[in-house]
Amino acid sequence: MASFSKAVAFRSQSPPSSPPPIHQDGTEAERRLQEAEERLREAIEELQRRQRRAASGDYPTCDHDDSCVAHAIGNLCQSFLLSYGVRVGIGILLRAFKLVRGQSYSSLLDLKQLVSERDLIVREEACRIGLLFGGFTGSYHAIRCLLRKLRRKETPINAFLAGSVAGLSVLALDDSNRRRTLALYLLARVAQCAYNSAKSKNKFHLWGSHWRHGDSLLFALACAQVMYAFVMRPESLPKSYQDFIQKTGPVAKPVYKAVRESCRGGPVDLASLSAYLSSRRKFNNVMLEEFPSIIPCSVIHPDINSCVAHNANAASNTFRKTFPLYFSLTFVPFVVLRLQKFMDAPLRTCFLAVRGAVRSTAFLSAFVGIFQAVICLHRRVASKDHKLVYWIAGGISALSVLLEKKPRRGELALYVLPRAGESLWYILVNRHLLPDIKNSEVALFCACMGGIMYYLEHEPDTMAPLLRGLIRRFLASRISNPSPPSNRSASYTYLQSLGVMKKPKLQERQPAETSASEKYNLESIPGL
């Protein structure tokens, strides 16, 4: 460790060599360079913390200059405002898309229509999300400081205990289904960290983990379970997730209900099915049976006779309906969490947001089109329906994830996996194969947050870069300590030289532009 410090100090005293020019087409190389710089910065900061700890003796000191109470309250307020702003911004942008879709462009300037409580009900949900993130951040920092004082030592158990107790902030969400979804999502993340840790130490690795498309395979298995549950056991999925799949797809609820009853061998509700078919303008009379062996395509898409045309129409409609959502989810968090980067290059930010939204929307549109195509193809070659068909159709349609970027596929797999796990959990509990324990999702969330904070503090390389950056964005927002410590070592000088490599054009700006940028520079606050 001492030799590493001397090497860094020697490097900082010598003038930095001019970096090779980074072209715009070298995005991947620039991303790797930034990740390497981030890991080096984390290693040097950890070295500085250990040096301060060794200088202070056995009693560990907090790494913030202000009081522990002010530090915790500042982090609580900072995280609350960030998460609240992200949720409200997404709601306002979606409301704007809805007004534009109705050809009411002038209403965008009318605040009563754009942000009225009647049409934009996000205040309670935004407050709950703010309390979740802000409460966790503030309580985590407070408990960490308290454990340092009580235990008089800094060990990995401190991070685990602080994260577990701070995880009680999930009670800010009043919906147990949402809490269970978050808990299962974190469980998948903890499993990912544990697996990466074991693999890096050559202790354990799964067969096929080196496969290039292993993340796509995991996504396909999760989607197979989700789509099977949506068709055959919709009650096992969260209500909001059911509504999203239902609005995204082109098949009506009465048809899904008839398919479910047909697969189970029971009688079909002819009254509701006939009422739905009669409401379609292009519906031709179809002979309905009370005990059909399979629901024909003429019932699944009564408006269009051609299956190919129906599938193409389903994909295009999905693209039109979901593009505003994906654009909001891409654009708003980037602006709120990285305001300085947005102000430096607003056009580039908008372009990247549009490109990302188009790519993600194309993936989802292809997913819907492929799923409907498999269903129609099965009806062309088979005369009897089976519930396993919808499991296979979900797995095949998941191949559309290949349209996404490689890093994004793993994120999508870990996003869908908790939904599949939640559905499987519900089915097993319903069949009395697992016990139904009240508030078990809260205990699971707390345990997983303890594991997440352990890996974040002591093995950060095992976490996905997106998750690690997001947690640190909220967790390390020390608004109560905006000024950097004055006792920077020579290694910090080297870190400053890295900034020259990352943004060489910033030094060429005029003083007036620099002062205007610093006026809005939220990223000058550590952690923002």
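Quick notes on this structure:
- Ordering 167-179, 191-203, 79-91 by mean Cβ neighbour count within 10 Å, with the highest value first, yields 79-91, 167-179, 191-203.
- Mean Cβ count within 10 Å, highest first, over the residues of peptides 231-241, 386-396: 386-396, 231-241
- Across region 266-399, Cα-Cα pairs more than 25 Å apart make up 46 percent of the total.
- Net lengthening on full extension, Val429/Ile392 (0.36 nm per residue, minus Cα-Cα): 10.9 nm
- Stretchable slack from Glu30 to Arg101, in nm (0.36 nm times residue separation minus alpha-carbon distance): 21.7 nm
- For region 313-465, the carbon plus sulfur part of the accessible surface works out to 67%, probe radius 1.4 Å.
- Using a simple spin-label model with pseudo-atoms 7 Å out from Cα toward Cβ, Lys199 and Gln242 lie 3.6 nm apart.
- Cys350-Ser176 FRET efficiency (beta carbon distance; Förster radius 41 Å; 0.05 resolution): 0.60
- Rounded to the nearest 0.05, the FRET efficiency derived from the C-beta distance between Glu46 and Lys405 at R0 = 30 Å is 0.50.
The values are calculated or read from the model by the stated rules, or taken from the named source; none is laboratory data. Remember, it's a predicted structure, so these values are computed and weren't measured experimentally. Don't worry about glycine lacking a Cβ; one is built from the backbone with ideal geometry, like all the others, and counts go over all protein chains shown. To get the accessible areas, we keep the full protein, side chains included, count just its heavy atoms, and leave off ligands, DNA and RNA. Shrake-Rupley method; radii C 1.70, N 1.55, O 1.52, S 1.80 Å.
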